[in-house]
Amino acid sequence: MAKAPSVWGIEIGQSALKALRCTLDGNQVVAEAFDYIEYPKILSQPEADPETLIHEALETFVKRNDLKKTSVALSVPGQSGLAKFFKPPPVELKKVRDIVKYEAKQQIPFDLNDVVWDYQLMAGSDISEGFALESEVGLFAMKRDAVYRALKPLQAANVEIDLLQLAPLSIYNMVTYDLSLSEDPEFKYDPEHPPKSTVVLAMGTDATDLIVTNGYRVWQRSMPLGGNHFTRQLTKDLKLTYAKAEHLKRHAMEADDPKLIFQAMRPIFNDLVTEIQRSLGFFRSLNKKAEIDSLLMLGNSVKLPGLTQYLNKNLAIDINTVDSFARLTGSEVTNAPAFQDHIAAFAPVYGLCLQGLKKGPIATNLIPQEVLKERLIRSKKPWAVAAAAVLMLGFASNLLPAGSRWADVHPTRWDPAMTAAASTAETSKLQVSEDEKQANEIKLLQDIGDEVSGSNDRRILWMELLSALFKSLERPEDFDLKNLPSPMEVPYIERKVIHVEKVDCKYYPDLSTYLTERVLAAYEQDKKTRLDRLGLLKIPAAGEEGAEEETEAVEDLAAAEGEDGELGNAGWVIQIDAYHFHNSPDYAPTGDELEEFVLKYWITRLEDGSVELPSGPNGEMVEFTFKELGISYPFVIPGTLQEKHTIPNPEYIKKYGKSGAGGMMGGEGMMGGGYPGGMGSGGSGVSGGRGMPLEDEETPREFAAPKFPFKVQMVWRERPLSARLEAKRLAEEAAAEAAAAEAEAGTDDENLASDLNSDSSTL
């Protein structure tokens, strides 16, 4: 069974190097090894050489500890970096990084290219269906040059760092895990009623980190006071050397006059209490709902005699010191006298191990990405070299047999053939060039011919379109615009008339921008309704003849462009505003009202009908289908039925005058009305006076005309006359060839039958 991974946590302090190696046994964190290397001098002493002292300590650490097959984590002091916390608005998780990046530009007082930063959603954030609703984000950063300064001593000692973390956050990992502050998976964090908070005071040599956490949220501040300040105060007041003052500080109770030593250090005690109270006051101003429960002291400076009692008295908070780690096992380490003697100083490295083993709430890493990429590339280099060697070996083994065949392809044997091939290629190149030249000349002549002949075609295109649309309304033979039947003879409701009010058009360089899914769906629905009302809707079985033709709802765009595709996909969208009066519930069963009337009596004509236009060489009439004219995709956009719409009776006004028609508003006149094929706007009615209208059954005041307005949209691709005539000619030739082939096949069949009969007679 493979051994579980282990993690070394290292802290390079001002007075000593602390290290702890942990691994996982199931779900339990086990301490495997530790080291505590104290420097001969404190790094901040004037006569000390920090670089040499750290280098010697790391050499000692590397010599007596095994770093193979382990990851290494390093902590840096809290004042070396920046920690900010903010609450983002409710947002998708994938967009949190964009918000954090914007916040980083606001919060970090340096260019982002000059810093290494990372972020994390804090524990207890409300995440629902991929959205961060009520959450808090921690933003952590260090200047890039400070990161490389921290990594430099370990790189010199050939120790590769996998994780770089701020010491306060490492302590937060340790406190949260070891005190089980956020272990309950059922707990839902409520910002209005947060759990009680614990204050952690990690006193170092030159600075003190104050961390306040309830397991789900963390707040930290670095204070510029540490154990070294007590030593300096003793050297100043008692006129002692640094070494003597450090000894007296550590052994104050064994001195000849302990009271004198405590009085000398009292100003530092007071400054420390003031800084703690100021920090806690600021924390309470930011977190008004927070309640502080106790204070936990870390670091070797907590051994200072009288410090715990003084803080307890002046802060009015329960003070606890670390004498063991509740959830850390491994008795060989935890029971070791050296570990017990310095246990309060191992909290940061314990927190690093927890993060490396994925047991802490914080998972950010301030190792620069370029360092990780360089390390990854370096680790892959041996494999790359081995792969290249294998490839080279394969190439060499493949070339050995090929060497014996070199004589078969020697230039002296192939020079004549190569010369002949080159000559042939040159001749081919000249012929291709001449062919391209002649093809360009033909194309130029064709373009000139098209321009000359096409100008006449283009002049009549719109007239042909309007004439075709006018004829698509199907006037009857007895239609007489000057002698329309009266509404008494043929009521408006019985007239199969479509009145056109307006024709608009819009050009589209690419018709696919108009023929969207919505437009095609409207066209398909209209076609289905129209075929249903005409009794032509049929859904044949798969493979049945005509199935594809009868069930296809939308034409292929390429077919509408023509076989040669010369027209491209450009064209016009024509919109016609119109209305009709053929609306009655009696017509509903047959589909002769509203938009169904338009579909049956107009759209059917546009889809399947044809029209004669004066297009022959001598002005004779030539029949074209509307599709040959380039019209396709007609569909109806229905309006709202005006059920109470009426049209004034002109005879009533003639008979009774304007005073007798009081209160009437003008209705629709008739232009082209009376029979199918009416085209144009209705005229105006009259507006009478204020008198009461007269009742007359023979001469009614107005006629009922329920008006149904609608719009028809269709696509029109310009199809010049010359192109249409050429297409007809090609179609006729193809039909003639097909007929000739069929006749020839019939003749062959007859000859075969005659031969068979002759053979039968002979037999």
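The values are calculated or read from the model by the stated rules, or taken from the named source; none is laboratory data. None of the values given here were measured: they were computed from a predicted structure. We place every Cβ from the backbone using ideal geometry, glycine too, and count neighbours over all the protein chains shown.
Within the range 124-152, the residues that satisfy the criterion of being over 30 Å from Leu58 (Cβ atoms) and among the aliphatic types (A, V, I, L, M) are Ile127, Ala132, Leu133, Val137, Leu139. Within the range 1-55, restricting attention to residues that are part of a strand (DSSP E or B) and without any contact (Cβ under 8 Å) to a residue 60 or more places away in the chain, the residue that is nearest to Tyr242 (Cα to Cα) is Glu38. Considered as a group, the residues in the range 356-391 that are under 27 Å from Gln28 (Cα atoms) and either free of Cβ contacts under 8 Å to residues at least 24 places away in the same chain or in a helix (DSSP H, G or I) (or both) include one that is nearest to the chain's Cα centre (by Cα), and that residue is Lys358.
Against the condition assigned to a loop (DSSP other than H, G, I, E, B), of a type in the set (Gly, Ala, Ser) and surrounded by fewer than 17 Cβ atoms within 10 Å (Cβ to Cβ), how does Ser125 come out, does it pass? Judged against the criteria, Ser125 is not a match. Taken across the range 299-312, residues that are without any contact (Cβ under 8 Å) to a residue 12 or more places away in the chain, of a type outside the set (A, V, I, L, M, F, W, C) and assigned to a loop (DSSP other than H, G, I, E, B) do not occur at all. Of the helices (runs of 4 or more DSSP H) lying entirely inside the range 540-637, those carrying at least 1 residues that are modelled with pLDDT under 85 and hydrophobic (A, V, I, L, M, F, W, C) are 547-551, 557-561.
Scanning the range 193-211 for residues that are part of a strand (DSSP E or B) and within 39 Å of the chain's Cα centre (by Cα) returns no hits. A residue that is assigned by TED's automatic domain parsing to the domain that holds Gln14, in a strand (DSSP E or B) and surrounded by fewer than 16 Cβ atoms within 10 Å (Cβ to Cβ) cannot be found anywhere in the range 150-165. Apart from one condition, Leu515 fits all of (1) modelled with pLDDT under 60; (2) closer than 18 Å to Lys627 by Cβ; the exception is (1).
Checking Ser170 against (1) within 23 Å of Leu372 (Cβ to Cβ); (2) of a type in the set (Gly, Ala, Ser); (3) free of Cβ contacts under 8 Å to residues at least 60 places away in the same chain, which single condition isn't satisfied? The single condition Ser170 does not satisfy is (3).
Restricting attention to the range 106-122, and to residues there that are among the aliphatic types (A, V, I, L, M) and more than 29 Å from Ser182 (Cα to Cα), which single residue is surrounded by the fewest Cβ atoms within 10 Å (Cβ to Cβ)?
Leu112
Condition first: assigned by TED's automatic domain parsing to the domain that holds Tyr216, surrounded by 19 or more Cβ atoms within 10 Å (Cβ to Cβ) and in contact (Cβ under 8 Å) with a residue 60 or more places away in the chain. Can you find one or more residues in the range 83-105 that meet it? The answer is yes, given that some residue of the range 83-105 is assigned by TED's automatic domain parsing to the domain that holds Tyr216, surrounded by 19 or more Cβ atoms within 10 Å (Cβ to Cβ) and in contact (Cβ under 8 Å) with a residue 60 or more places away in the chain. Scoring Glu275 on the criteria (1) modelled with pLDDT of 90 or more; (2) out of contact with any strand residue (DSSP E or B) (no Cβ under 8 Å at 6 or more places or on another chain); (3) charged (D, E, K, R) leaves a single failure, condition (2).
Of the listed requirements (1) surrounded by fewer than 15 Cβ atoms within 10 Å (Cβ to Cβ); (2) modelled with pLDDT of 90 or more, Gln355 misses just one: (1). Selection of the range 40-76 for residues being touching a Ser or Thr at 6+ places or on another chain (Cβ under 7 Å) and among the β-branched types (Val, Ile, Thr) yields Ile42, Thr70.
Asp66 falls short on exactly one of the conditions (1) surrounded by fewer than 16 Cβ atoms within 10 Å (Cβ to Cβ); (2) of a type outside the set (A, V, I, L, M); (3) over 24 Å from Lys152 (Cβ atoms), and that condition is (3). Please verify whether Glu426 is in a helix (DSSP H, G or I), of a type in the set (Asp, Glu) and at pLDDT 80 or above, treating the condition exactly as stated. Yes: the conditions hold for Glu426.
Evaluation of Gln642 against the conditions (1) surrounded by fewer than 19 Cβ atoms within 10 Å (Cβ to Cβ); (2) more than 25 Å from Ala705 (Cα to Cα) shows that the sole unmet condition is (2).
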